[in-house]
Amino acid sequence: MATSIKLPEELTRRIARVVKDTPFSAHAFMVEAIRQETERAERRREFIAGALASRGRALRSGLAYAWEDVDAYLRARLQGKRTRRPRLKSWRK
């Protein structure tokens, strides 16, 4: 699919400077930049959706992991120690 975008002159000059001593054309550079940014935006959208779903589960169940337990677990694992996973706890009083 052919797409045309109008870039500010300063950006066009910057791109030309960046690709000058590379095997890439300005077009290839822009396509790769757009591909990378699209992937980043998709990952961020998935991350936010997962976070909102997790928040919803925590609000419905009243259960979550205590930070102190998670921190201790991760520190132990980083030191190569075997340790039990943290348990969910009720955060409602």
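A short reminder: the numbers here are calculations on the coordinates, not readings from a lab. Model, not experiment: these values are computed from the prediction. Here the Cβ is made from the backbone with ideal geometry for all residues, glycine too, and neighbour counts use every protein chain on show.
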*Within the range 1-85, which helices (runs of 4 or more DSSP H) (wholly inside it) include 3 or more residues that are exposed (fewer than 11 other Cβ atoms within 10 Å of the Cβ), under 26 Å from the mean Cα position of the chain (by Cα) and not hydroxyl-bearing (Ser, Thr, Tyr)?*
26-61, 67-78
*For the range 29-80, which residues satisfy the criterion of being touching a helix residue (DSSP H, G or I) at 6+ places or on another chain (Cβ under 8 Å) and either within 30 Å of ARG14 (Cβ to Cβ) or of a type in the set (Phe, Trp, Tyr) (or both)?*
PHE29, MET30
*So which pairs qualify, if the first residue must be in the range 58-75 and on the phi > 0 side of the Ramachandran plot, the second must be surrounded by 12 or more Cβ atoms within 10 Å (Cβ to Cβ) and of a type outside the set (Ser, Thr, Tyr), the Cβ gap must be under 8 Å, and the two must be at least 6 apart or on different chains?*
GLY62/TRP91
